[in-house]
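*Asks:* Input: one structure, supplied below.
The values are calculated or read from the model by the stated rules, or taken from the named source; none is laboratory data. Treat the numbers as computed from the prediction; the structure is a model and nothing was measured. Note that we place each Cβ from the backbone using ideal geometry, even for glycine, and neighbour counts take in every protein chain shown. These area figures cover heavy atoms from the full protein model, side chains too; ligands, DNA and RNA do not enter into them. Shrake-Rupley method; radii C 1.70, N 1.55, O 1.52, S 1.80 Å.
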Amino acid sequence: MVAPPAPKAVPITLAKAIAAWCLLMLAVPLGSLWLWPDIAQGGHGAALFKLAILFGAVCAIGIAFVYALAATWSAPARRLENFVAALPTSETSLPDDGPEELQSLARAMRAMAARVRDVVEHASLESSRREIVLACMAEGVLAVDNTLRVIFCNDAFARAFSARTPVPEGRILYEVVREPMLRDVLARVVRSGAPETGRFQLPSAAGRWFEARALPIGENARRGAIIVLHDVTDIQRQEQLRKDFVADVSHELRTPLAAIRGYAETLLDGALEDRANNRKFLEIILAHAIRLNNIASDLLVLSELDSDAPPPTPPEPIRVAEVVDSALHSVQNAAALRGIHLRRDNCQDCSVSGYRFRLEQALVNLLDNAVKFNRPDGEVVIECAPIAGGRVQISVSDTGIGIQSEDLKRIFERFYRADKARSRPAGGTGLGLPIVKEVVERMGGSVSVESQLGAGSRFTIVLQSA
Ligand code: ADP
């Protein structure tokens, strides 16, 4: 810390007053002799002259005494001055000398200096601690004065708005962040002194969502305001996904429920006796009930996969060829009904680590789609083999209708269907591929798709071998 410049020496007023008094005393007889020289010609001349000399001698002694006194006091007083000026550093020492009165003052000052140093040290430690905490915070923090000039801006805040760091103190807020919403909030807090909170989407921060809390600085809002921004873009996105998901589920349930209710009412209204149609109506009710059941069980699987709870058993090594055989067995009837040929090709002996029933479920979903979206007399081929990097590749290819390139990006989204006309009547839920993706990713792998419209599709799963 830089010591303030030492103030000018304060004159020792008492000493000067004594000196002035002595000079006055000397001036009186000398002045009388000069003004009335005839006094000296009278009989009193010699006496007056002696008196003047006496006065002069007394004054000289007095002045000398005063200067000696002043010299004795002024050096320790100057040291005290320098000592105080150098606070709170301890560069200037304060020796125990000089008059007794100044010595006790020096002792008191030394004690005071120790306390001042403690307070200053504590305050600077506290302030650097606070600065470190603010700099390391993930939340953006910005403080402004009452004219909306920046007092403090941490890196997280500057980063969110792509501002250059460090943001110098005193900059106009609008030069740092071109965000009218923020300026309005801070201006309101400075004006009213009332804290404000809210969730905003800020265009100048790449459209990210922030939970903001703005408070006045100290009791008096005239000192400025501080705003803390918490990035809630991911939470906002998740909330939106959840809302969309609930809306999608309701939408998916509404259709089969409305159909079941409609056909049941028709049957009760007399169609039960209509021999030509009653069976058809019951079959439609059954198909929709099956679809409802499929949706419910797929949702259950997804919610299990989504839950953060660890699986009850640890992952185990799975022989892929065995899982492929079970999955083929599950879709055999459906394939035969549609006249699709299932083929297991180039299935080498390899193992992966995970949960057998989940992997089987993923393969059944892929094979089921390959059968469902195939052409009559089409073919489905499943292959599995170890590949470079200690990984295993499982692929399901079909000679079906294929998928348009704009749908390819979205088919792993929940409830997305590229071909609604085929999916729904076939009992499709739009959740088969999202389940495949979740299962594979939970096992540390990835799934991809290549497709050519009208020629067929190929889904490939890659997992780490056990
Ligand atoms: P669904 O229950 O409708 O089969 P999925 O999530 O399994 O739901 O598949 C989503 C959509 O992707 C399907 O509706 C379909 O349009 C498309 N799709 C999936 N697999 C294939 C495939 N092998 N061939 C053509 N389209 C497919």
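*Asks:* Do we have residue 154 as open to solvent by 40 Å² or more (accessible area, probe 1.4 Å), modelled with pLDDT of 85 or more and outside the structural domain of residue 81 (by TED's automatic domain parsing) here?
*Replies:* Spelling it out, it is not the case that residue 154 is open to solvent by 40 Å² or more (accessible area, probe 1.4 Å), modelled with pLDDT of 85 or more and outside the structural domain of residue 81 (by TED's automatic domain parsing).
*Asks:* Just for the stretch 298-321: of the residues that are in contact (Cβ under 8 Å) with a residue 24 or more places away in the chain and in a helix (DSSP H, G or I), which one is surrounded by the most Cβ atoms within 10 Å (Cβ to Cβ)?
*Replies:* Selected residue: 320.
*Asks:* Further question on the same structure: Inspect the stretch 224-235 for any residue being farther than 30 Å from residue 442 by Cα, at pLDDT 85 or above, part of a loop (DSSP other than H, G, I, E, B) and in the same structural domain as residue 143 (by TED's automatic domain parsing) and give the result as yes or no.
*Replies:* For the stretch 224-235, residues farther than 30 Å from residue 442 by Cα, at pLDDT 85 or above, part of a loop (DSSP other than H, G, I, E, B) and in the same structural domain as residue 143 (by TED's automatic domain parsing): present.
*Asks:* Hey, another quick one. Among the residues of the stretch 338-372, write down those that are more than 16 Å from the ligand (Cβ to nearest atom), assigned to a strand (DSSP E or B), open to solvent by 50 Å² or more (accessible area, probe 1.4 Å) and without any contact (Cβ under 8 Å) to a residue 40 or more places away in the chain.
*Replies:* Passing the criteria: 344, 345, 346.
*Asks:* Go through the stretch 174-189 and give me each residue that's modelled with pLDDT under 90 and more than 13 Å from residue 212 (Cβ to Cβ).
*Replies:* 174, 175, 176, 178, 180
*Asks:* Sticking with this one: Quickly run through the stretch 387-427 and pick out the residues that are within 10 Å of the ligand (Cβ to nearest atom), part of a loop (DSSP other than H, G, I, E, B) and touching a residue at least 60 places away in the same chain (Cβ under 8 Å).
*Replies:* 414, 415, 424, 427
*Asks:* How many residues does the stretch 281-297 contain that are free of Cβ contacts under 8 Å to residues at least 60 places away in the same chain and under 30 Å from residue 271 (Cα atoms)?
*Replies:* 11
*Asks:* Residue by residue through the stretch 373-392, note down the ones that are surrounded by fewer than 21 Cβ atoms within 10 Å (Cβ to Cβ) and under 22 Å from residue 454 (Cβ atoms).
*Replies:* 375, 376, 377, 378, 379, 381
*Asks:* Right, something else. Under the condition of being exposed (fewer than 11 other Cβ atoms within 10 Å of the Cβ) and of a type in the set (Gly, Ala, Ser), which residue from the stretch 124-151 is nearest to the chain's Cα centre (by Cα)?
*Replies:* The first filter runs over the stretch 124-151 and keeps only residues exposed (fewer than 11 other Cβ atoms within 10 Å of the Cβ), leaving 125-129, 132, 136, 138, 147.
From what is left, the residues that are of a type in the set (Gly, Ala, Ser) are 127-128, 138.
Working: 127: 22, 128: 21, 138: 3 Å.
The qualifying residue nearest to the chain's Cα centre (by Cα) is 138.
*Asks:* Kindly indicate the residue of the stretch 72-83 that is open to solvent by less than 60 Å² (accessible area, probe 1.4 Å) and without any contact (Cβ under 8 Å) to a residue 40 or more places away in the chain and also nearest to the chain's Cα centre (by Cα) among those meeting that condition.
*Replies:* Filtering first and then ranking leaves 83.
*Asks:* Tell me, which helices (runs of 4 or more DSSP H) wholly within the stretch 91-198 include 1 or more residues that are in contact (Cβ under 8 Å) with a residue 60 or more places away in the chain? Walk me through it before giving the result.
*Replies:* Details: elements: 100-136, 155-160, 173-176, 180-192.
In the stretch 91-198, 100-136, 155-160 are the helices (runs of 4 or more DSSP H) which contain 1 or more residues that are in contact (Cβ under 8 Å) with a residue 60 or more places away in the chain.
*Asks:* It is to be established whether one or more residues within the stretch 253-262 are touching a Phe, Trp or Tyr at 6+ places or on another chain (Cβ under 8 Å) and open to solvent by 60 Å² or more (accessible area, probe 1.4 Å).
*Replies:* No, the stretch 253-262 contains no residue that is touching a Phe, Trp or Tyr at 6+ places or on another chain (Cβ under 8 Å) and open to solvent by 60 Å² or more (accessible area, probe 1.4 Å).
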